[in-house]
Amino acid sequence: RRLCADVVHLLRAYRTALSRFGHLSNRDGETPDPERVESVYGMAEQRILPEWRRLWQEANELTLPMMREPDTLQAVKRFTEQVLTPEFLCGPIWNRCYRKPLGYPGDFMMMSYVYEWEPRGANIYEKLVHRLGLDVLECVSTRMTMAQHAIADTVASSVGPGRSARITSLGCGPAQEIVNNLMLRRLPRAVEFTLVDQDH
């Protein structure tokens, strides 16, 4: 409960501080000035990430022993979901993972958010909350890099002159690792990809 309160306090402090900047209008007073928005966002991002990571690590340490206590874990999950989840839903990546419009949290759009690594949201605060979600899901990007290396190794080690490498990706999502490999100027050999995903 104390940790949840600390996370809520962190988020609300940033929300309050960033609300003072309004739309950061340019000289005409109406349209947001992209440079000013980016500058404020960058400062907020730089300051919040160390605080966020400290709380995130503490949460992991607190919950690890609970993995062997299903009743405790369920009670903590219920409490956290009621107290913290609403605070995060303004961030597009958190919202998508929680609402699961395609029935599961790790759909292709969520993965695309991570691969794009772009600020998303209607205002600076929403973009900042989205960025916290990207931080948590950086493992998706790491997985993509590992898969990309595995593809490159498979293509390079395929034997036989004129033989195509054949690669099947199950649950391929946006298949960013394949896109990245195909962006090479020259592939060592022809490759046949079969991409399988439950979402069109």
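The values are calculated or read from the model by the stated rules, or taken from the named source; none is laboratory data. None of the values given here were measured: they were computed from a predicted structure. Ideal geometry is used to build each Cβ from the backbone, glycine not excepted, and the neighbour counts take in all protein chains shown. These area figures cover heavy atoms from the full protein model, side chains too; ligands, DNA and RNA do not enter into them. Shrake-Rupley method; radii C 1.70, N 1.55, O 1.52, S 1.80 Å.
So, in region 180-189, exactly how many residues are among the hydrophobic types (A, V, I, L, M, F, W, C) and touching a helix residue (DSSP H, G or I) at 6+ places or on another chain (Cβ under 9 Å)?
Qualifying residue count, region 180-189: 2.
Which of the residues that make up region 180-196 are at pLDDT 90 or above and either farther than 17 Å from residue 148 by Cβ or surrounded by fewer than 13 Cβ atoms within 10 Å (Cβ to Cβ) (or both)?
Matches in region 180-196: 192, 194, 196.
A quick yes/no check of all residues on (1) surrounded by fewer than 13 Cβ atoms within 10 Å (Cβ to Cβ); (2) over 18 Å from the mean Cα position of the chain (by Cα); (3) within 23 Å of residue 51 (Cα to Cα):
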| site | (1), (2), (3) |
| --- | --- |
| 86 | yes, no, yes |
| 108 | no, no, no |
| 116 | yes, no, no |
| 141 | no, no, yes |
| 147 | no, no, no |
| 153 | yes, yes, no |
| 165 | no, yes, no |
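Could you check region 61-117 and list, in sequence order, the residues that are among the acidic types (Asp, Glu), assigned to a helix (DSSP H, G or I) and more than 28 Å from residue 178 (Cβ to Cβ)?
Residues satisfying the conditions are 61, 71, 81, 87.
With (1) in a helix (DSSP H, G or I); (2) out of contact with any Leu (no Cβ under 8 Å at 6 or more places or on another chain); (3) among the hydrophobic types (A, V, I, L, M, F, W, C) as the list, and residue 155 as the residue in question, which single condition is left unmet?
(2)
Search region 24-73 for residues being open to solvent by less than 80 Å² (accessible area, probe 1.4 Å), at pLDDT below 90 and of a type outside the set (S, T, N, Q), and hand back the single one that is farthest from residue 123 (Cα to Cα).
The selected residue is 29.
Which pairs do you get when a residue that is touching a residue at least 60 places away in the same chain (Cβ under 8 Å), found in region 131-151, comes within reach of a residue that is acidic (Asp, Glu) and part of a helix (DSSP H, G or I), reach meaning Cβ atoms under 9 angstrom, with the pair 6+ apart or on two chains?
Correct list of pairs: 131/45.
Mind listing whichever residues of region 118-139 are in a helix (DSSP H, G or I) and open to solvent by less than 40 Å² (accessible area, probe 1.4 Å)?
124, 125, 128, 129, 130, 131, 132, 133, 134, 135
Going residue by residue through region 3-13, is there one that turns out to be modelled with pLDDT of 95 or more and either closer than 30 Å to residue 199 by Cβ or open to solvent by 90 Å² or more (accessible area, probe 1.4 Å) (or both)?
Yes, region 3-13 contains at least one residue that is modelled with pLDDT of 95 or more and either closer than 30 Å to residue 199 by Cβ or open to solvent by 90 Å² or more (accessible area, probe 1.4 Å) (or both).
Please work out which residue is nearest to residue 199 (Cα to Cα), limiting yourself to region 84-112 and to residues that are among the polar types (S, T, N, Q) and modelled with pLDDT of 95 or more.
95
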